[in-house]
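*Asks:* This is the structure I have questions about; it appears just below.
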Amino acid sequence: MVLRVPAIGLAAMVATAGTLTVATGAHANTSAPDYSEFTNSSVVTKGGISARITTGLAEGKEGSTGGAFSDFSHLVDLVEINFDANISFDSGKYYSNGLTFSATAKGGFGSSGTNIKADNWAPANPFDYDPSNSNLQKNKTNYLAVFKGNSVEVSLGQTMNYFGINWGALSNGNRFILKKDGQEVSRFEYSDINPVAPIFAKHQNGHLNGGKGEGNAYLHFYADDATGLFDSLVIEQTTGGGFEVDNFSYIAGNKGFDWETESVPEPGMLLGLLTLAGVVTYKRYS
């Protein structure tokens, strides 16, 4: 494990505990990001719902891998769906961990318009491009694909205050619509979020974005207060190209989701940081 910790004093370590970055490899980002680094352009708020981009984690609940996972995977009440297990199909719909997936446009699941696939277009692993390892960014697990003129509605049957999605390769025509009781609460377009994509996958149209490839990210939707609660999410592809998503996560709730509060380390983690800070300080002055 590579631990990125500056040689700072104990007080500063405690003050920045929520921003510590821990990695399992040279390029990995496997803990909560530094929230203080986000600018206004990386958080978009519409209709009481905020959308925020992070790199995401390389590992989800119970050690699941392939693509990026929610930075809030440590929360007990967060439920995760990765399209590789615990999925059933009945009457034209998919079911997984409490969610119902309905193909709402032409063509049902398994058609050329909407399907669960596994290929190079799967949302990338949350690593920077490494020319010495061309497979580092490739996610070889299943993902959900939606193509032009098609959409999928993902519903829970009760209100949620948080929904996370591994999104990529980001494309024109990607649209998210969040609803409550069948009524639109908010919508977000590709153009709202793409400029802040933190990961670019070289194996996905590597000639784009100055030769870096297409953008990938972990996208978090959360209700700022009770007015932003939602019970379903529509994933829609409005133009040519495709919409590729993986590793969904959600939290059921009837009040707003506090991003900053939920990112604070658990007491056990904080104790570990205090111990680590003491070691760093000791080594610095010994």
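*Asks:* Provide the net charge surrounding residue 82, with neighbours chosen by a C-beta distance below 15 Å and charges set as Lys +1, Arg +1, Asp -1, Glu -1.
*Replies:* Details: positive: 61, 117, 140; negative: 59, 62, 80, 84, 244, 246.
That sum, taken over residues with Cβ under 15 Å, equals -3.
*Asks:* Quick one: order 181, 71, 119 by neighbouring beta-carbon count within 10 Å, fewest to most.
*Replies:* Final ranking by Cβ density, sparse to dense: 181, 119, 71.
*Asks:* Could I ask something else about it? Taking H as built 1.01 Å from N, whose amide H comes closer than 5 Å to the amide H of residue 138, not counting residues under 5 places away?
*Replies:* Under 5 Å from the amide H of residue 138: 125.
*Asks:* Given the peptides 126-136, 157-167, arrange them by the average over their residues of other C-beta atoms within 10 Å, most packed first.
*Replies:* Output ranking for 126-136, 157-167: 157-167, 126-136.
*Asks:* Which entries in the list 140/180; 93/180; 61/180; 93/148; 93/179; 46/93 go over 24 Å, if you measure between the two C-alpha atoms of each?
*Replies:* In this structure, 140/180; 61/180; 46/93 exceed 24 Å between Cα atoms.
*Asks:* Could I ask something else about it? Can you put 238, 114, 55 in order, fewest other beta carbons within 10 Å first?
*Replies:* Arranged by neighbour count, lowest to highest, 238, 114, 55 become 238, 55, 114.
*Asks:* Listing 236, 260, 184, 244 from the residue with the fewest other Cβ atoms within 10 Å to the one with the most, what is the order?
*Replies:* Placing the least packed residue first, the sequence is 260, 184, 236, 244.
*Asks:* Here's another thing I want to ask about it. Given labels modelled 7 Å from the Cα in the Cβ direction, how far is it in nm from residue 262 to residue 128?
*Replies:* 2.8
*Asks:* What relative contact order, as a whole-number percentage, does segment 37-261 give when Cα pairs under 8 Å and 6 or more residues apart are counted?
*Replies:* 29
*Asks:* Give me a comma-separated list of calculated 3J(HN,Hα) values for segment 214-231, in order, Karplus coefficients 6.51, -1.76, 1.60 applied at θ = phi - 60°, integers in Hz, x for any Gly or Pro.
*Replies:* Here the 3J(HN,Hα) series is 7, x, 9, 6, 9, 9, 10, 9, 8, 6, 6, 7, 4, 5, x, 5, 9, 10 Hz.
*Asks:* Turning to a different aspect of this structure: Please identify every one of the trypsin sites (Lys or Arg not before Pro) in segment 98-146 that sits in a loop by DSSP and has no more than 16 other beta carbons within 10 Å of its own beta carbon.
*Replies:* 106, 140
Only the coordinates and a few stated rules stand behind these numbers; no lab work does. Note that this is a predicted model, so its numbers are computed, not measured. Positions of Cβ are backbone-derived with ideal geometry, glycine not excepted, and every protein chain shown enters the neighbour counts.
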